[in-house]
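Undergrad: Please see the structure below; I have some questions.
The values are calculated or read from the model by the stated rules, or taken from the named source; none is laboratory data. These numbers were taken from a predicted model, which means no experiment stands behind them. Please note: Cβ atoms are built from the backbone with ideal geometry, for glycine as well, and neighbour counts cover all protein chains shown.
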Amino acid sequence: MDNFDLTKIGVDYLLVNSTNKFLLEYVPIEENSVNKLTGFTGDVGDALICPDGKVLLFVDSRFHIQADLEVDHSKVEVVKLKLGQKIDDEICLKIKPNSVLGIDLSKVSQSRYEYLTLLLKELNVQIKGYVSDEICRAGEFVQVDEPKMIKDNILITKSDELAYISGIRSFTYNYSTKVDGKLLILDGKRYLFTDYKGENARPLKEFNEFIKTVETALKVDKASITAEDYSLIKNPVPVKSPVKAMKSVKTKSEIEHMKYCFDMTDKALRTTRDWIMENDNLSEYDIANQLESNFRKFGAKSLSFQSIVAINENSALAHYNKSDKNKILKDGDLVLIDCGAYYDRGLATDITRVFVKGEPSELQKKVYTTVLKVFLNCYNYQMTNQTTGYEIDKLAHCIFDKNPVDGFEFSHGLGHGVGISVHEAPPNLSKNEIAKTVIKNNMCFTIEPGLYNEKEFGVRLENTCHLEDGEIVSFAKMPFEKKLINMSLLSDSEKEYLNDFEVV
């Protein structure tokens, strides 16, 4: 970073993405360019290299504390986005007029490229595109489902959409079952380009030349295709991805499979919880290893994301990912576990629970019960055929505001969709525009309120749910912790809501 010379590529600023060439939200740390540049290990965040060599790291509220702890502040300035702020708007505010911005066209969506171009035009800022030389991952894929039917001529380049439509998954890598590649559906015929090995696949290197020969109009979603790939299409027809909507509503078969997956997830987590209570001198690292072992014991093929095992103040980091060998759980300590796994059909699970070794403090009980109060009310939200995640998230914030805990704050969205990716949208429960999408029957999503104080601890309680006949139903059956609940803080109706869940 010290020797990065922007003049060699003829730009004043350089945008560095945390995504890869397939626009994945969560890129393995060894492939994350932002991590290599800044040392930040969080999943999401982009960086801007400035003319003076300073690096600006843009992170949302989930990563404010973590970024501060991880970067060298003499070289990196953390730009902390508030809920509802758009990252590209804030990036453009940091760029001086009459300058040149470099962007990797192979790692930015066409819609983002156009949005940045529009914003920067008023500043007379020129965008200089380039394409990085990056080796794509490879592996093997298997057929786990019948391909879904699409009649349109369409190009699909987003990994989770490709995996969904093709009915294929890869279990080569931890934390993902998606298959990187390009899927062209043309006159009813499918052309799959990927370096993953499997039946009827063509090498990825053949895609660029093949797509240039296609004269037919192709439907494409600008939000899920890179600017590089978009430039190769002779006759693009911009549409909103039909696949995104299709995969957001799960089939009856997928719902039944997810019930099985969460039954196994509950068993893995409950076994781990019991092991924690029965053993002493356990580190975060020990617990994370035992948790993964239990997932494998109950049939998981891989984890759906790196498990969060966080003791005391570490639990205040919403996406903590260290699993410290030297952080030992002692009597009175709180531990947060956020975890999930993939099973044989490649759909993710996601759950968060909080435990205390020994007897809890009154503060731990107050925070836990307040979070539980929010969860119970949001879980029992009176749904209509027009209810959106935006409304449920608003309720969560309203309840937290009415039941404040000094020094603790709710710093992220209430929930997200779950499917092939552990984070999908739609549905979404947050202050974001995407959360204004109506929640439909058989959509799967998390409800995960939390409260955090970086000097104390954090509590998050998360169940993955689905909408069934107009009612929210939880896949997870993992109990809540009786000794952490202050029943006097719950209303009579909330106590009735709690009867739907096991408490141990």
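Undergrad: Please determine whether any residue of region 301-318 is of a type in the set (Val, Ile, Thr), free of Cβ contacts under 8 Å to residues at least 60 places away in the same chain and closer than 30 Å to Val142 by Cα.
TA: yes
Undergrad: How do the helices (runs of 4 or more DSSP H) wholly within region 1-117 filter down when requiring 3 or more residues that are crowded, with 20+ Cβ neighbours inside 10 Å: which remain?
TA: Passing ranges, in order: 33-38, 64-70.
Undergrad: Still on this model: Being at pLDDT 95 or above and within 25 Å of Ala316 (Cβ to Cβ): is that true of Gly458 here?
TA: Numbers: at pLDDT 95 or above: yes; within 25 Å of Ala316 (Cβ to Cβ): yes.
Here the answer is yes, as Gly458 does meet what is asked.
Undergrad: Now for a separate question. Looking at region 468-490, which of its residues are more than 26 Å from Ala316 (Cα to Cα), out of contact with any Phe, Trp or Tyr (no Cβ under 8 Å at 6 or more places or on another chain) and touching a residue at least 12 places away in the same chain (Cβ under 8 Å)? Full working, then the answer.
TA: Pass one, region 468-490, residues more than 26 Å from Ala316 (Cα to Cα): 468-473.
Restricting the remaining residues to those that are out of contact with any Phe, Trp or Tyr (no Cβ under 8 Å at 6 or more places or on another chain) gives 468-471, 473.
Matches in region 468-490: Glu468, Asp469, Gly470, Glu471.
Undergrad: Something else about it: Quick one: Val220 ticks every box in (1) surrounded by fewer than 18 Cβ atoms within 10 Å (Cβ to Cβ); (2) under 21 Å from Val237 (Cβ atoms) except a single one, so which number is it?
TA: In the conditions (1) surrounded by fewer than 18 Cβ atoms within 10 Å (Cβ to Cβ); (2) under 21 Å from Val237 (Cβ atoms), Val220 misses (1) alone.
Undergrad: Would a scan of region 391-403 turn up a residue that is modelled with pLDDT of 95 or more, under 21 Å from Phe480 (Cα atoms) and of a type in the set (S, T, N, Q)?
TA: yes
Undergrad: What number of residues within region 438-447 satisfy the criterion of being crowded, with 20+ Cβ neighbours inside 10 Å and either on the phi > 0 side of the Ramachandran plot or in contact with a helix residue (DSSP H, G or I) (Cβ under 8 Å, 6 or more places away or on another chain) (or both)?
TA: Residues that pass the stated criteria total 5.
Undergrad: Next question, about the same structure. Which residues, taken from region 142-161, are touching a residue at least 60 places away in the same chain (Cβ under 8 Å) and either at positive phi or in a loop (DSSP other than H, G, I, E, B) (or both)?
TA: Correct list: Val144, Asp145, Lys148, Ile150, Asp152, Asn153, Thr157, Lys158.
Undergrad: Right, next: Exactly one condition in (1) surrounded by 12 or more Cβ atoms within 10 Å (Cβ to Cβ); (2) β-branched (Val, Ile, Thr); (3) more than 19 Å from Asn20 (Cβ to Cβ) is false for Thr213; which is it?
TA: (1)
Undergrad: Still on this structure, I have one more. Determine if region 92-104 includes at least one residue that is among the small types (Gly, Ala, Ser), in the same structural domain as Ile29 (by TED's automatic domain parsing), over 28 Å from Val220 (Cβ atoms) and over 21 Å from the mean Cα position of the chain (by Cα).
TA: yes
Undergrad: Go through Leu282, Leu317 for me and flag whichever is buried (at least 19 other Cβ atoms within 10 Å of the Cβ) and closer than 19 Å to Tyr452 by Cβ. Explain how you work it out, then say what you get.
TA: Numbers: Leu282 fails: closer than 19 Å to Tyr452 by Cβ.
Answer to the check: Leu317.
Undergrad: Moving on to the next point. When region 461-504 is examined, which residues are found to be part of a helix (DSSP H, G or I) and surrounded by 17 or more Cβ atoms within 10 Å (Cβ to Cβ)?
TA: The answer is Leu484, Glu494, Tyr497, Leu498.
Undergrad: Check Leu162, Leu186 and return the single one that is modelled with pLDDT of 95 or more, more than 23 Å from Glu31 (Cα to Cα) and not basic (Lys, Arg).
TA: Just one listed residue meets the conditions, Leu186.
Undergrad: Does Ile392 count as outside any loop (DSSP other than H, G, I, E, B), farther than 29 Å from Phe355 by Cα and not charged (D, E, K, R)?
TA: no
Undergrad: Look through region 176-228, keep the residues that are in contact with a Pro (Cβ under 9 Å, 6 or more places away or on another chain) and among the acidic types (Asp, Glu), and return whichever of them is nearest to Cys136 (Cα to Cα).
TA: Per the stated criteria, the residue is Asp195.
Undergrad: Restricting attention to region 454-488, which residues are in contact with a helix residue (DSSP H, G or I) (Cβ under 6 Å, 6 or more places away or on another chain) and under 26 Å from Met277 (Cα atoms)?
TA: Listed by number, the residues that qualify are Glu454, Phe457, Gly458, Val459, Leu461, Phe475, Ala476, Lys477, Met478, Leu484, Ile485, Asn486.
Undergrad: Further question: Could you list, ordered by first residue, the pairs with Cβ atoms under 6 Å in which the first is in region 162-186 and at positive phi and surrounded by fewer than 23 Cβ atoms within 10 Å (Cβ to Cβ) and the second is outside any helix (DSSP H, G or I) and of a type in the set (Phe, Trp, Tyr), at least 6 apart or interchain?
TA: Pairs found: Tyr175/Phe305.
Undergrad: Could you tell me which of the residues Val422, Val405 is in the same structural domain as Asp469 (by TED's automatic domain parsing), part of a loop (DSSP other than H, G, I, E, B), free of Cβ contacts under 8 Å to residues at least 60 places away in the same chain and not charged (D, E, K, R)?
TA: Answer to the selection: Val405.
Undergrad: Here's a follow-up. Tell me which helices (runs of 4 or more DSSP H) are completely within region 216-327 and hold 1 or more residues being closer than 17 Å to Phe355 by Cβ, or say none if there are none.
TA: Fully inside region 216-327 and qualifying: 252-278, 284-297.
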